[in-house]
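Values quoted throughout were computed directly from the atomic coordinates according to the rules given, and no laboratory measurement underlies them. On a predicted model such as this, the values are computed, not experimentally measured, just so you know. Cβ placement follows ideal geometry from the backbone for every residue including glycine, while neighbour counts extend to all protein chains displayed.
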Protein chains: 4
Amino acid sequence: MIIVLKQGIKANEVKELAAKLESQGVTVSHFTDIKRDFLGLIGDTSGIDAHQLHAFSEVEQVIRVEDPYKRANRKFHPENSIIKIGDETIGGTKLGIIAGPCSVESEEQIVTIAKQLKQAGANFLRGGAFKPRTSPYSFQGLELEGLKMLQVAKAETGMPIVTELMSTKWVDQFVDSVDIIQIGARNMQNFDLLKEIGRTNTPVLLKRGLSATYKEWLMSAEYIMAGGNENVILCERGIRTFETETRNTLDIQAVPVIKELSHLPIIIDPSHAGGMSYLVEAGAKSGIVAGADGLMIEVHNDPANAWSDGEQCLTPDEFARLMEKARKLAEFEGRSIDEAATILTK
Amino acid sequence: MIIVLKQGIKANEVKELAAKLESQGVTVSHFTDIKRDFLGLIGDTSGIDAHQLHAFSEVEQVIRVEDPYKRANRKFHPENSIIKIGDETIGGTKLGIIAGPCSVESEEQIVTIAKQLKQAGANFLRGGAFKPRTSPYSFQGLELEGLKMLQVAKAETGMPIVTELMSTKWVDQFVDSVDIIQIGARNMQNFDLLKEIGRTNTPVLLKRGLSATYKEWLMSAEYIMAGGNENVILCERGIRTFETETRNTLDIQAVPVIKELSHLPIIIDPSHAGGMSYLVEAGAKSGIVAGADGLMIEVHNDPANAWSDGEQCLTPDEFARLMEKARKLAEFEGRSIDEAATILTK
Amino acid sequence: MIIVLKQGIKANEVKELAAKLESQGVTVSHFTDIKRDFLGLIGDTSGIDAHQLHAFSEVEQVIRVEDPYKRANRKFHPENSIIKIGDETIGGTKLGIIAGPCSVESEEQIVTIAKQLKQAGANFLRGGAFKPRTSPYSFQGLELEGLKMLQVAKAETGMPIVTELMSTKWVDQFVDSVDIIQIGARNMQNFDLLKEIGRTNTPVLLKRGLSATYKEWLMSAEYIMAGGNENVILCERGIRTFETETRNTLDIQAVPVIKELSHLPIIIDPSHAGGMSYLVEAGAKSGIVAGADGLMIEVHNDPANAWSDGEQCLTPDEFARLMEKARKLAEFEGRSIDEAATILTK
Amino acid sequence: MIIVLKQGIKANEVKELAAKLESQGVTVSHFTDIKRDFLGLIGDTSGIDAHQLHAFSEVEQVIRVEDPYKRANRKFHPENSIIKIGDETIGGTKLGIIAGPCSVESEEQIVTIAKQLKQAGANFLRGGAFKPRTSPYSFQGLELEGLKMLQVAKAETGMPIVTELMSTKWVDQFVDSVDIIQIGARNMQNFDLLKEIGRTNTPVLLKRGLSATYKEWLMSAEYIMAGGNENVILCERGIRTFETETRNTLDIQAVPVIKELSHLPIIIDPSHAGGMSYLVEAGAKSGIVAGADGLMIEVHNDPANAWSDGEQCLTPDEFARLMEKARKLAEFEGRSIDEAATILTK
């Protein structure tokens, strides 16, 4: 961290400020370029609030040279992290394909879709049991009943399940019954929830906030990791921009930038990004060639009658065709996607 | 709600779609302007997801004519709401002046500042006990200890206290010891927290999310009100824009627009908006002339050594001078601010 | 300018880079804080492209300590600039009140409105002759005919005229017939136009771009001033945000921040900011208490039949009532607005 | 266009408003859904300003059902447009690969790079002669000298040239000497320039504005086309978002959305989007799989000494390696890129 001091500052003022800063546990070196004085802070500056330093009247500018995140930082962990989820992994050569409906609607629905998805090559099942809805009058999810239905689908197909947690109240139930806990975009800075998840060992899918920067996103991952849970998977799901034709704007550059800054795996959710089914293919393929470690795709057997987000769902057939293309493209890029499988009905 | 159908749609398709929609509890009327067919939905459409309707292949565009919020809507509640907090109110002629440090740091600190604030004319005391910090390595607040210190300051000065709640875990403690529960910008769409607060009777200060629209903000108020708690005060605290010179951009138009759309009181927080103490005066005065029902201002006796947000704090003296100007301006606008008072030490 | 070098850089690499930089006309000093090497650039760095320096593989971060604008910078010109326009000024104690219709529609219209505006206390007349319209099929303005009509209105009332220039083609005509040349938001970075205006002496009203930062805006002022024309007045007219309820978001903090960074006068355009007539009063009053040097307000005698922007226009009566309030508020703030006048018809 | 009228409006008011609207050349049909009255406008509504209609006190909401662009609209031109540039085309099966330095620096530089680019498979040469720079003190381009150097490079390699026009002053020179005229992001709404270009026949590369929506972008294309020049190629070059780690955010969804809305070709500029050379590959490959009709890539023989934008340039070798991968990926997608060629020095 470098502090640029105001012009005309006196020597004793510099000394006093340096002493105050050293009392926060860092080493301070003082240098000058004739016109100005600078203080360089050496040591662990992650607890120092750059913004706060502006309250000192001597300070003109504060520049953070070190990244504020440590555990998520590739500098201190050069190898890619590979997250283990049961027998599956995310972050290695094989892409993690997470698919399923926006909401769990019934046991029959989720089991039927799960089988179709597995047949097409998906290796994780998603489905919302607790739903974050803008309106209190919209369907809020089947809640614990939905979790049970997901477990039935898992028992029938062997697919690990991914579902969103919105409340610290249900952490224990999620740890017991969910393979990957999803933190939604609107809760990316629900620090209380992040801390609670950090105390568990369950893998976490951390969606990027609607207007979050990469650094804020990595700081939210850091919250989880600081608690001891290093099993974090990042998910780019589109950001808010001025464009109204699409639901969100897919930030494909997030993939190479996050790969540069961090060792954590990153996947792409083209369904929420575009918000319309005809945009899913372009988003999914872009994710693969940009180097993403997986995809999260909404699939519903009857989109027009889905209880939420139907307009962005693929049908199982559309999903199967997309997987064929995606599989070839992944191979082209030196990655892989599970083969289309045959599931025997019990 | 009006649904524009795609051109070339057949009569039986229109009928089928209308029937599906009527099954959701609304009345559907069909009309045409030669080139196109339209469906008008009459009745309570607040539970219908406009986005979802796009999943029907017949639908080209959906236009919500009715507002999606009801309890927060001025149309159904033309009079301004006045929120009662002990002997004080927010929403009437007198402005609510909430002041205090970003964080509660010690009993002595908060009691001393509280007395100075009351003397200057503030009628509510703020101070963070639980702090939402971007970094897990930054100071997170004194938590329950901080709440106790706030209560001591209240006992000494009689000022009702306002402090931020970040977790459903502490709802009971807050209901017992806090006069206004603050929901921070990052939790504006933490729906689980909003629902829990909705089950209490404690007044709520709902800050606008960093990138939230007015409608999203009102829908978050609606979440609280739908639970039965209609004591919601809105707080504009600046939104995220491309500008980096200021912490956030104060959206002063929020005041007249919210007054048009809703009957809820709205206050302005110029401290978080600008993020620098020299911007507080312009923001506070703009709030008053734009018609805000109050101000929320950060004050610290020693900003440079504040544990958080020092750069945007006023000193008690600066605050007292600002109150003098604000009081005259409020009178000019036909409003009022409490007179500067003398506090006797017990 | 400070350059942070990558860790592990060798001494001779530092020297080489320093030599290259010195060849660009600055002095380079080298310092280190044990872990890292830094280069400080002293001298006139305004021509050095910070972005470009990243192309050197040794460079990790570049921090501009000096502002990139010089002539617009308050540091080198501590006194407020007062721009002279005929017998009027903008930037002094008296506020500049610019009012008029969006578009000049006919001689009768503009003369009639001009008289009403002058009677209400406006001291500048605005009216668009060349109109920037999003659609090529919308009304594009009366062009040179419109300029002539503005001159008639000036002859009848004595009010200096303000109108938008969109093309270098008409610079001479504007210099001859216009008192303040307006550069619209969409042309804020039309550098060719800025350069041409910089070669004239005519005062310029430079509107802020739809998504421009303060620094970009000041750099556009710098373009004009670098050509020798220092008569620049800045105009905040709202920026684009995610909010769709209002046309733009009025950034009231622009006033105190620009006053801190620059000596140039700044005025507020509440009509374009909100885009609706009911928002004009709050915006105008906020501008006055925030310290703006003037207001720009759209007024039309028949808003519903205006050829453009009718929804944000005040009627002459509404304008006159607003001026009464604004005059008192200006006095409250130690500023002034011209008295309501009586105009004798020739 | 549908107009929702305010509740409680009287029959004669509806009639009067309908009559006014019909006077603007459209047919108006009136319908009601019990609670409300609506007016449907049939005919060519492209010249009607939806915003303006709000000035009528009877109007509550205006919904544009028809797109405001006609010539750029796929509905009226279902086949993809293929733009001819000499012997080359953009918009067909073969991708247009435009490459070259940010600025033309010398004849030797541009000729050398041009040969290297052609050898690697590029089929268009770019190079800035007139440069839009944020600072008036930065290098502004070699101007007409630069144009001549580009022509020498064209003569030596046969590559058509693409370069940016910033001023109506140089339209004739550009028409005479340039194969594709580029309109930069900052001039996307320089309507005067768009109109002038619309009067020529020279193909135009229209970059998306920094914060422009798809519709605004298409309306700018419409300006050019309305003048008679239908040879418009759109170029997505990244939009401004809150992210500061990258120069801009590449909006890859622009490709499928523009393909849906318009028949015009669209290419991707990954160099300006990310602003860093390591992001070019991911952006370029995403563009290809998303269906773009070409790429625009900055290449410089010595990026660290480039006169502008060096940090985002590839070296000729890096470009050649990228072309190899891009060629295979294009084939995978059923498209093609020119083979690497051998150029004989004259």
*Share of Cα-Cα pairs in segment B:169-290 lying beyond 24 Å, as whole percent*: 27 percent
*222 nm [θ] for the protein assembly as shown, helices only, -39500 (n - 2.57) per DSSP H run of 4+, per residue, to 500?*
-9500 deg cm²/dmol
*Taking the Cα centre of the protein assembly as shown as origin, work out the dipole magnitude from +1 charges on Lys and Arg Cβ and -1 charges on Asp and Glu Cβ, in debye rounded to 20.*
0 debye
*Given H placed 1.01 Å from N in the peptide plane, which residues other than close sequence neighbours of B:Glu60 have an amide H under 5 Å from its amide H?*
B:Val4, B:Leu5, B:Lys6
_Please list 3J(HN,Hα) in residue order for segment A:98-114, calculated via the Karplus relation 6.51 cos²θ - 1.76 cosθ + 1.60 where θ = phi - 60°; whole Hz, with x for glycine and proline._
9, 9, x, x, 4, 10, 6, 10, 6, 4, 4, 4, 6, 5, 4, 4, 4
*asked:* Can you give me the long-range amide H partners of C:Leu295? Hydrogens built in the peptide plane at 1.01 Å from N, cutoff under 5 Å, separation of 5 or more residues or another chain.
replied: C:Gly96, C:Ile97, C:Ile98, C:Ile268
_Under 16 Å from A:Lys84, Cα to Cα: lysines that are on another chain or at least 8 residues apart_ = A:Lys94
*Mind putting together the pair-distance distribution for segment A:177-224? All Cα pairs, 10 Å bins, whole percent per bin, short to long.*
30, 58, 12, 0
_Charge dipole (debye, nearest 20) of segment B:74-332; +1 at Cβ of Lys and Arg, -1 at Cβ of Asp and Glu_ = 540 debye
*Cα-based convex hull, segment D:2-63, per residue volume (Å³, whole number)*: 74 Å³
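Between C:Glu324 and A:Lys35, take the C-beta separation as r, use R0 = 45 Å, and let me know the FRET efficiency to the nearest 0.05.
After rounding to 0.05, the efficiency reads 0.30.
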_What FRET efficiency comes out for D:Ser106 versus D:Ala155 if R0 is 22 angstrom and r is the Cβ-Cβ distance? Round to the nearest 0.05._
0.85
*What are the aspartates and glutamates whose alpha-carbon lies under 19 Å from the alpha-carbon of A:Lys10, with same-chain residues fewer than 8 places away excluded?*
A:Glu22, A:Asp33, A:Asp37, A:Glu58, A:Glu60
*asked:* Let me make sure I get this right: for segment D:207-251, a, b and c are the square roots of the gyration tensor eigenvalues over alpha carbons, sorted descending. Under 1.5 in a/c it's rounded, otherwise prolate if a/b > b/c, else oblate. Which is it?
replied: prolate
*chain C: percent of C-alpha pairs farther apart than 36 Å?*
27 percent
*Integer Hz, Karplus 6.51/-1.76/1.60 couplings in order for segment C:65-74, x for Gly and Pro*: 7, 7, 6, x, 10, 10, 5, 8, 7, 5
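Please label the shape of segment B:244-346 as rounded, prolate or oblate, based on the square roots a ≥ b ≥ c of the eigenvalues of the alpha-carbon gyration tensor (a/c under 1.5 means rounded; beyond that, a/b larger than b/c means prolate, else oblate).
Oblate, because a/c is 1.5 or more while a/b does not exceed b/c.
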*Please identify which residues in segment D:1-43 have an amide N closer than 12 Å to a label point set 7 Å out from the Cα of B:Thr27, following the Cα→Cβ vector.*
D:33-36
*Shape of the protein assembly as shown from its Cα gyration tensor (a ≥ b ≥ c, root eigenvalues): rounded if a/c is under 1.5, otherwise prolate when a/b > b/c, or oblate?*
rounded
*Can you tell me the Rg and Dmax of segment C:79-194, counting just the alpha carbons, in angstroms?*
14.3, 46
_Under 26 Å from the Cα of B:Lys15 - lysines, other chains or at least 8 residues apart_ = B:Lys6, B:Lys35, D:Lys35
